[in-house]
Amino acid sequence: MTSLTHKRTHLALIMVAVGIIDQILKQIMVSSLTPGEPFYLIGDWFRLLLVFNPGAAFSLGSSSTWLFTTIQLVFVVGALIAAPRLKTRWELVGLALIAGGALGNLIDRLFRDPGFWFGHVVDYISIGSFAVFNFADMAINVGVIVFIISLFFAEKK
C-alpha cells in the first residue's frame, strides 16, 4: 500500500466526503420534509420520514447523547491515528466509511438542536417496520462489512 501520510490522507478524504454527502442529504431532508409526516416512495414500505434522534441506533440511549458524541469524536480521531497501520486498501476503505458515518452524525450532535454536544441526529430513511436511519448510518454499516471481509481475506503474517 502507500506511504503512511498517503494512508492518512486517503482515509481523511473518504471520511470527509462521506460526512459532506451526509450533511447535504440531511439539509435537503430538513428543508423538504415535515417531521413525523411520511413521504411515501414505494407504497408504505419505503418512505422518507424526518425524525431527530437523540440516541444511537434504534433510538437506544436517548438520554446518553453526550456519550455518543464523545465516542464518535474519539472514533474519528482514532481512525486518523490508526490509518498508517492498516495493511490493505479495503481495510482503509472500510475504516474510512465507518469514520465518515461517525463524522456525519458527530456534526449533527455538535451543531443541531438542542445544543452543542447534545444535538439530535437527523434520520430520514424508513423501510418497513425497521428503524429510521440516514446516509451516515448506511456508510457505517457498509464500512463494517467491508472491514470485516477485508480481515478474512488479508494475508496471514
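Answer yes if at least one residue in the stretch 104-123 is part of a helix (DSSP H, G or I) and under 25 Å from I149 (Cβ atoms), and no otherwise. Yes: the stretch 104-123 contains one or more residues that are part of a helix (DSSP H, G or I) and under 25 Å from I149 (Cβ atoms). Residues in the stretch 75-120 that are of a type in the set (G, A, S) and open to solvent by less than 20 Å² (accessible area, probe 1.4 Å): A79, A83, G94, A96, A99, G100, G101, A102, G104, G119. Being at pLDDT 95 or above, open to solvent by less than 40 Å² (accessible area, probe 1.4 Å), in contact with a helix residue (DSSP H, G or I) (Cβ under 7 Å, 6 or more places away or on another chain) and not polar (S, T, N, Q) is the filter here, so list the residues in the stretch 121-155 that pass it. Residues satisfying the conditions are V121, V122, Y124, A136, D137, A139, G143, V146. Restricting attention to the stretch 124-149, the residues that are part of a helix (DSSP H, G or I) and farther than 23 Å from V74 by Cα add up to 1. Pairs linking a residue in the stretch 135-153 that is more than 22 Å from N53 (Cβ to Cβ) to a residue that is open to solvent by 40 Å² or more (accessible area, probe 1.4 Å) and hydrophobic (A, V, I, L, M, F, W, C), with Cβ atoms under 7 Å and 6 or more positions apart or on different chains, are V146/W90; S150/W90.
The values are calculated or read from the model by the stated rules, or taken from the named source; none is laboratory data. Keep in mind it's a predicted model, so treat the numbers as computed, not measured. As a convention, Cβ positions derive from the backbone with ideal geometry for all residues, glycine included, and neighbour counts pool all protein chains shown. Accessible surface areas use protein heavy atoms only, side chains included; no ligands, DNA or RNA. Shrake-Rupley method; radii C 1.70, N 1.55, O 1.52, S 1.80 Å.
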